[in-house]
Amino acid sequence: MFRNQYDTDVTTWSPTGRLFQVEYSMEAVKQGSAAIGLRSKTHVVLACVNKANSELSSHQKKIFKVDDHIGVAIAGLTADGRVLSRYMRSEAINHSFTYESPLPVGRLVVQLADKAQVCTQRSWKRPYGVGLLAFAIGSRSQAAKTYLERRFENFTNSSREDLIKDALIATRETLQGEKLKSSICTVSVVGVGEPFHILDQETVQQLIDTFELVTEEEPPAPEPASEPAAADQGGAEQGAGAEQGAAPDEGVAPMDI
Amino acid sequence: MTRKTSLTMESNQSNQHNSLLASEADSQRTLYPYVTGTSVVAIKYKDGILMASDMGGSYGSTLRYKSVERIKPVGKHSLLGASGEISDFQEILRYLDELILYDNMWDDGNSLGPKEVHSYLTRVMYNRRNKFNPLWNSLILGGVKNGHKYLGMVSMIGVNFEDDHVATGFGNHLARPILRDEWHENLSFEDGVKLLEKCMRVLLYRDRSAINKLQIAKITEEGVTVSQPYSLKTFWGFSAFQNPTVGAEGSWWVVVRWVRPNPDQKKLRRPPLLLPLILPPRSPQLAANLDA
Amino acid sequence: MTKQQANWSPYDNNGGSCVAIAGADYCVIAADTRMSSGYNILTREYSKICKLADKAVMASSGFQADVNALQKQLAAKHLTYQHQHNKQMSCPAMAQLLSNTLYYKRFFPYYAFNVLGGLDSEGKGCVFTYDAVGSYERVGYSSQGSGSTLIMPFLDNQLKSPSPLLLPAQDAVTPLSESEAVDLVKTVFASATERDIYTGDKLEIVVLNAGGIHREYMELRKD
């Protein structure tokens, strides 16, 4: 039933000097669908691949707004990601309540790292099975990493649009031949004079079309029949998600916040 | 420190419920400051902020301390001035020391600017008033960060605002009218100091708690400097200072003159009997006697 | 040592007047920018108007420290709301939140007198008026603060809102056009400034309509 007897809690070392719980959590991140982040002097783009869990369900939200100047993309256990997002949101709100100024991103990251580290030292806890931000994490992210490593030196002076384009290409790399469509990816932007927001699905599709990212592909593999259904679901959510920065949507709020 | 005493125990066991009302009803609070500092005045000027305060510490109306520093730097970008209870101010400085220490410990290149410190102080002052245990001060916070000048105030109950020039206590009555007349955005350092000295001189003449030993502090993008204590030139020869009430309607100019009760008695070979004569000013009788 | 200060009070009244007028497709919210304490003017440029959401703007007078705490509280709650619902709060929702927030401190109240103005979900102007502990009512126009005793009867006389007792209920919005409402606001403030020492310096007017939010200022007497 158990893989071994040394993985029941996070403070027990195996005879070979491993901490299985920690490895499990890292594995959870690896198996999550990819999340990608890149930045220029003025902008940051976060992008991720959305995978629906089953044919009948929509995908989970993988990019969260934390504050006007902070957003986060996750890979791994979405539930853990949401817990951490909620923690970060409350830290951001508390900071602006006390100091009337935005919480520095770097400090939030260190606070979060400290919080995550504590979980590896308490026997009754487990590590969060989720990775946040980073430059490319999740399944088949190595392909994206390779692409980004080849190109990152140009990012500093990239325009906002070029940055989004690179994010989309890097995302495509992780798809392994599957066609890049707005329904299976989410893109978000934050930059100078531009509060963090998730781009709505139409905008993403337009970008994919204008960059002609799909035509570079080999003929796409035949799509599963269920794809359109899942895509529509995802689309509705993306639309609502994007409203955070823009005009409020009077429609029903999505369930997966 | 400010005193808070209660005649009965705060935590009345039988009245645990409704403790706020109960403690209001059967306990009395006395809250007052012991050693206080008077006005602080501060202005924005071309390159940053200038702030002035005297160094007196009053115990009621007694001038108890004469070298109290009431302007202190906070971190690299801010300057704090305080009037009111001196010990509370020193406690606030300890809070801020800790705040700045923890801020530096991140060691990430970020630092709290004057706006953040002001906002923090507002929370501290307001939270203490919410506990009915105020820090008995008016605080002025000035600073410069990233080319941005900042000047604000917080009162002991948490009232806070920003302005181009601010003053606490008597300064509100006596200094701010002068500042409203004469302040402008492009004051040079020299003109700024002159303007503050003008304010401090008026305060010295008219505020009984003010003393002639003061410090002026400057903060710019380059950093903070607090001057050595110095005093202002004063002139007390105005007639109003010489004898303030003379001629005032209804006032009594008390004159004591030793006069002979009856000049005729000179002939009697007795030593002259001298009696004090106390008269109101401008009475014809007085005039006659004095001229004689 | 004899006691120097009068008994300490956790409250102060920093004065100021607020007005809001709702029209069919707009809402005007206005307040002066003077902040006083006793006979002192602390500053001549303190905004009493706070944008709580895209379509909800609050003007508050009373004790500045409490007003400030109230505004921050509402801003934080609204952020949480946006995170949870992916949208801005509507004006009527914000009105209820404001009431709850005030009542939460029923036994140590925020000494804050508010008018909340905005547009409802149909784009119609709405005004909500409050007391310090959270009683509130949706009206067509309202005034709060130190000059309200001078302003309110003037508005009553000029706007003649239908009685809330009428059945069926009549619309509370005023028949004025947007520019007429702005002019009326300017007039009532110029008048209140003549007699109320706590009102003056500058008038800040915020107009909400389908086109968004728009702000303008008018100088008032400074004495």
### Task
Give me a count of the residues in the range B:179-209 that are of a type outside the set (Lys, Arg), in a helix (DSSP H, G or I) and within 14 Å of chain C (Cβ to nearest Cβ).
2
### Task
State all residues of the range B:65-97 that are polar (S, T, N, Q) and farther than 15 Å from residue B:220 by Cα; if no residue qualifies, say none.
B:67, B:83, B:87, B:90
### Task
Could you please find all residues in the range B:72-83 being buried (at least 24 other Cβ atoms within 10 Å of the Cβ) and either among the polar types (S, T, N, Q) or touching a Ser or Thr at 6+ places or on another chain (Cβ under 9 Å) (or both)?
B:77, B:78, B:81, B:82, B:83
### Message
Anything in the range B:95-110 that is crowded, with 17+ Cβ neighbours inside 10 Å and either more than 24 Å from the chain's Cα centre (by Cα) or within 15 Å of residue C:10 (Cβ to Cβ) (or both)? List them, or say none.
### Response
B:99, B:100, B:103
#### Entry: Verdict on residue A:58 being among the hydroxyl-bearing types (Ser, Thr, Tyr), within 19 Å of residue A:186 (Cβ to Cβ) and surrounded by 15 or more Cβ atoms within 10 Å (Cβ to Cβ)
yes
### Task
Within the range A:120-178, work out how many residues are under 24 Å from residue A:109 (Cβ atoms) and part of a loop (DSSP other than H, G, I, E, B).
15
### Query
Would a scan of the range C:117-132 turn up a residue that is in contact with a Gly (Cβ under 7 Å, 6 or more places away or on another chain) and hydroxyl-bearing (Ser, Thr, Tyr)?
no
### Task
Would you mind finding the one in B:48, B:57, B:84, B:75 that is in the same structural domain as residue B:213 (by TED's automatic domain parsing), at pLDDT 95 or above and either among the hydroxyl-bearing types (Ser, Thr, Tyr) or within 19 Å of residue B:162 (Cα to Cα) (or both)?
B:48
### Query
Which residue, of C:179, C:146, is surrounded by fewer than 16 Cβ atoms within 10 Å (Cβ to Cβ) and of a type in the set (S, T, N, Q)?
C:179
### Query
Would you say residue C:64 is free of Cβ contacts under 8 Å to residues at least 24 places away in the same chain and closer than 30 Å to residue A:90 by Cβ?
no
### Matching residues in the range C:82-139 - criterion: being part of a strand (DSSP E or B) and either of a type in the set (Asp, Glu) or under 15 Å from residue C:61 (Cβ atoms) (or both)
C:112, C:113, C:114, C:115, C:116, C:117, C:129, C:130, C:137
### Query
Applying the selection to the range A:86-126, what residues are in contact (Cβ under 8 Å) with a residue 40 or more places away in the chain, exposed (fewer than 15 other Cβ atoms within 10 Å of the Cβ) and polar (S, T, N, Q)?
A:121, A:123
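Suppose we keep only residues that are part of a strand (DSSP E or B) and among the charged types (D, E, K, R) within the range B:30-68. Which one would you say is surrounded by the fewest Cβ atoms within 10 Å (Cβ to Cβ)?
Checked the range B:30-68; the qualifying residue surrounded by the fewest Cβ atoms within 10 Å (Cβ to Cβ) is B:64.
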### Message
Out of the residues in the range B:111-139 meeting the condition of being exposed (fewer than 15 other Cβ atoms within 10 Å of the Cβ) and not in a helix (DSSP H, G or I), tell me which one is nearest to the chain's Cα centre (by Cα).
### Response
B:133
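Restricting attention to the range B:144-178, and to residues there that are more than 13 Å from chain C (Cβ to nearest Cβ) and not polar (S, T, N, Q), which single residue is surrounded by the most Cβ atoms within 10 Å (Cβ to Cβ)?
The residue in question is B:144.
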## Note on the structure
Those residues of the range C:85-98 which are surrounded by fewer than 20 Cβ atoms within 10 Å (Cβ to Cβ) and either under 18 Å from the mean Cα position of the chain (by Cα) or at pLDDT below 95 (or both) amount to C:92, C:93, C:96
## Note on the structure
In the range B:130-177, anything of a type in the set (Lys, Arg), touching a strand residue (DSSP E or B) at 6+ places or on another chain (Cβ under 6 Å) and within 25 Å of residue C:108 (Cα to Cα) is listed as none
### Summary
Checked A:129, A:138 against criteria (more than 14 Å from every other protein chain (Cβ to nearest Cβ), farther than 24 Å from residue A:204 by Cα and surrounded by 19 or more Cβ atoms within 10 Å (Cβ to Cβ)); the one match is A:129
### Query
Any residue in the range A:29-39 that is at pLDDT 90 or above and small (Gly, Ala, Ser)?
yes
### Task
Name every residue in the range A:63-79 that is surrounded by 22 or more Cβ atoms within 10 Å (Cβ to Cβ) and on the phi < 0 side of the Ramachandran plot, in order of residue number.
A:63, A:64, A:65, A:66, A:67, A:70, A:71, A:72, A:73, A:74, A:75
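The values are calculated or read from the model by the stated rules, or taken from the named source; none is laboratory data. Computed from a predicted structure; not experimentally measured. Because the Cβ atoms are built from the backbone with ideal geometry, glycine has one as well, and the counts that use them run over all protein chains shown.
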